[in-house]
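Student: So that we are looking at the same thing, I have put the structure below in structure tokens.
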Amino acid sequence: MKLRRHFDQIIINIILVVIAVFTFVPLLTLLTLSFKDIDQFNNQPMGLSFPLNFQNYAMAWKFMQDPLWHNIIVGITAPALSISMAAITAFVLARFNFAGRPLLFGVLLLSLLVPNTILFVPLFQLIIQIGAQNTLWALILPYAANQALTIFVTHSFYKDMPSEMFDAAKMDGANTLDSFFYIALPLSTPILSAMAIFQVWLIWNDYAWPSLVANSNEARTAVTGLIYFNDFSRPEPGAGMAAAVLAALPMLVLFIFTMRTFVAGLTAGAIKE
Amino acid sequence: MLTSTHADSPPKPPAPFTRFARSLSRNWQLYILILPSLLFSAIFFYYPITSGFYHSFTYWDIKQTVWVGLENYARLLDDSSTPAAWRNMAVILISNMLIVCIFPLFGAVLVVRLRNAALQYWWRILFVLPIIVPATVTVFVWRWFYGLDGGLNQILRMINLGALGKIWLGEPSYALAAIIFVGFPWVAGLNFLIYVAALQSISQEILDSAKVDGADSFKTFFFIELPLIRNQVLVLITLTFIYYLRSFDAPLIMTNGGPGTAGTLVPGLQMYRAVRDDLDLGYGSAIGMVLFAATLIFTAINFYISRRQAKGESS
């Protein structure tokens, strides 16, 4: 009996190893291809081939540094704007009573029920109309408008906070903003950072929107840059692969430093979205 | 007597408008604090959605708007690539809905069955890790894999089946399957994580009593675990549906809708191309509206089913 159970565990591990091999071979292939010169690339694409060719990364970096930089700017500004507006709105809606509150809450959350495909074309026209095409604003503004999910999640958090805390602060003479900044905000930092990371991840993953409104040297994002570099600059194939590695690298760094929050944010975001 | 009670009764509640005006003068700071969110919502959600609906009945480029009634919708029906686009989307949707119920769940069950806690932890991390890779990068790697000198043909040559090699994305009979196959074995990622969390939340007592009753691993899964995580499965199916209804990154990057006129075209990409290639915003808006309607219908059906199931359980 004991032996059989042990045997089961070994079988499970073997199956998991097979799945892991299939999962990671494409990614590892990408990594190894990014170190191959054009001969190695065409003649022995699988596995590592020596000498490693670091020249690819120099070429890829030359093109990718601007897109990466744009994406970092957008990935910081848009979530910062979105989260700060959403958090204070959620706080006001959750902790105060005033006329029109339920209506405003509904108005702000309606977008959760509407798929964003419907916004694609009119938003494109709006961006052109305000002259934001091919600037970073074409990305920052629509991404910053993406607040409904954060409002929804933090609203229930603020609502569940004990009111004694806020009553005591009021007695000590705290106004609305004081009680937000000194009580609500510090306690909601984990949930807000989770939402922020989810947004950074969405922004970093988005291809269709930036490829339409920000496909210029001044505004291209990392993944749009990757495709543009490969399809139009026609680099050495290894350099194209190196660009893909560079486009993915910032997310790896973010993941390493914020693992728990990262996973929490993506899980919460994906389910509620 | 009558008059005196009347005098004592509380004042009549003010009309909604005066109540609002009074609240506004007393709480104006609160309204100011939520104003930025409201403005962003008005400009980047309510304005575009209205504008998109209106302009779906117009010829619309950046310079001019001409009312054309239902012409865009009629054109969409007439367009020979429309049926192909919806058929392709249906194939992609159904395949991915099946995939999400099978592969990540299988991986999650295997990991949960491990008894060594440390090993379980590391397997979980390993299968979560791929979420950091942007979808575009994954699609990009697979695009190379399907190419003339790509990985798939190289593997075929290695096992002496080089004659079977082809430009996979250029063949009408293979391109769509190739796109669905991206990401094989589809275990790693968020779906896996959600299944693992759901499976781990099942109380150990239930699992133990099942074991005492002599249930093996398969019976435990099909008669205990699967019914208990049914809700998560349904949520993931819904999410997959909504995601693939609007997502067209893979066809856009890999084939641009080809081979031919509509080999891997999907409605979302049809909309994107109307805007990018023809600057035909009215037509694009109409496609967006139809997709929106499709999502609404599905959501309504989904809501109806889940409500009926909830009723069935409670009775």
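Student: Tell me, how many Å apart are the Cα centres for segment B:27-58 and for segment A:155-227?
Tutor: One Cα centre to the other: 19 Å.
Student: Then there's this: Under the classification rounded if a/c is under 1.5, otherwise prolate if a/b is larger than b/c and oblate if not, where does chain B fall, given a ≥ b ≥ c as square roots of the Cα gyration tensor eigenvalues?
Tutor: Taking the square roots of the gyration eigenvalues as a ≥ b ≥ c, chain B is oblate.
Student: Let me ask something additional. Once R0 is set to 35 Å, what does the formula 1/(1 + (r/R0)^6) return for the Cβ-Cβ distance between residue B:79 and residue A:107, expressed as a FRET efficiency to the nearest 0.05?
Tutor: Once rounded, the FRET efficiency stands at 0.45.
Student: Could you work out the mean count of beta carbons from other protein chains within 10 Å of each residue's beta carbon in A:257-269?
Tutor: Across the residues of A:257-269, the mean count of other-chain Cβ atoms within 10 Å is 2.
Student: For the protein assembly as shown, state the semi-axes of the equivalent ellipsoid (square roots of 5 times the eigenvalues of the alpha-carbon gyration tensor), sorted largest first and rounded to whole angstrom.
Tutor: So the three semi-axes of the protein assembly as shown are 44, 33, 25 Å.
Student: Using each residue's phi in segment B:36-43, evaluate 6.51 cos²θ - 1.76 cosθ + 1.60 at θ = phi - 60° and report the 3J(HN,Hα) Karplus result to the nearest Hz, with x for Gly and Pro.
Tutor: Karplus values, whole Hz, x for Gly and Pro: x, 4, 5, 4, 4, 5, 5, 6.
Student: For segment B:206-315, just say rounded, prolate or oblate: build the C-alpha gyration tensor, square-root its eigenvalues into a ≥ b ≥ c, call rounded for a/c under 1.5, and beyond that prolate if a/b exceeds b/c, oblate if not.
Tutor: Because a/c hits 1.5 or more and a/b fails to exceed b/c, segment B:206-315 counts as oblate.
Student: For the pair residue B:293 and residue A:14, how long in nm is the line joining their label points, each one 7 Å along Cα→Cβ?
Tutor: Result: 5.5 nm between the two label points.
Student: Sort A:194-201, B:174-181 by the packing proxy (mean of other Cβ within 10 Å over each peptide's residues), most packed first.
Tutor: Top of the packing list down: A:194-201, B:174-181.
Student: With chain B treated as a Gaussian network of Cα nodes joined by springs under 10 Å, which of B:59, B:31, B:146 yields the largest mean-square fluctuation?
Tutor: B:31
Student: Same structure again: Counting other Cβ atoms within 10 Å, which trypsin sites (Lys or Arg not before Pro) in segment B:58-129 have at most 16 and lie in a DSSP loop?
Tutor: Here the trypsin sites (Lys or Arg not before Pro) that fit, given the DSSP loop and packing criteria, are B:63, B:115.
Student: For segment B:273-315, report the % of Cα-Cα distances exceeding 14 Å.
Tutor: Of the Cα pairs, 64 percent sit more than 14 Å apart.
Student: Residues of A:210-219, mean number of Cβ from any other protein chain within 10 Å of their own Cβ, rounded to a whole number?
Tutor: Rounded to a whole number, the mean comes out at 1.
Student: Report the chymotrypsin sites (Phe, Trp or Tyr not before Pro) located in segment A:21-110 that are in a DSSP loop and have at most 16 other Cβ atoms inside 10 Å of their Cβ, or state none.
Tutor: Loop-located and lightly packed - A:54, A:96.
Student: From other protein chains only, count the Cβ atoms within 10 Å of every residue's Cβ in B:137-146, then give the mean.
Tutor: Counting other chains' Cβ atoms within 10 Å and averaging over B:137-146 gives 6.
Student: Pairs of lysine in the protein assembly as shown with Cα under 20 Å and at least 8 positions apart or on different chains: total?
Tutor: 6
Student: Checking the a/c ratio against 1.5 first, then a/b against b/c, what shape does the Cα gyration tensor give for chain A?
Tutor: oblate
Student: A further question on this structure: Just to check I understand the Karplus step: with θ = phi - 60° and J = 6.51 cos²θ - 1.76 cosθ + 1.60, what whole-Hz values come out for segment A:95-101, glycine and proline as x?
Tutor: Residue by residue, segment A:95-101 yields 10, 10, 10, 8, 5, x, 4 Hz.
Student: Give the Kirkwood hydrodynamic radius (Å, one decimal) of segment B:89-156, defined as one over the mean of 1/r across all pairs of different Cα atoms.
Tutor: One decimal place: 14.7 Å for the Kirkwood radius.
Student: Please build a GNM for chain B, connecting alpha carbons under 10 Å apart, and tell me which residue among B:302, B:160, B:27 fluctuates the most.
Tutor: B:27
Student: Which whole-number percentage describes the relative contact order of segment B:67-206, with Cα contacts under 8 Å and a sequence gap of 6 or more?
Tutor: For segment B:67-206, the relative contact order is 34 percent.
Student: Here's something else I'd like to know. Ignoring everything except DSSP H segments at least 4 long, calculate the 222 nm mean residue ellipticity for chain B; use -39,500 (n - 2.57) per segment, divide by total residues, nearest 500.
Tutor: Taken over chain B, the calculation gives -21000 deg cm²/dmol.
Student: Please report, in whole Å³, the volume per residue of the convex hull around the C-alpha atoms of segment A:109-192.
Tutor: Enclosed volume per residue, from the Cα hull, is 131 Å³.
Student: For segment B:75-314, what does the relative contact order come out to in percent, with C-alpha contacts under 8 Å and a separation of six or more?
Tutor: Averaging sequence separation for qualifying contacts and normalising by length gives 28 percent for segment B:75-314.
Read the figures in this text as sums done on the coordinates, not as results from a lab. Just so we're clear, the structure is a prediction, and the values are computed from it rather than from any experiment. Cβ atoms come from the backbone with ideal geometry, glycine included; neighbour counts cover every protein chain shown.
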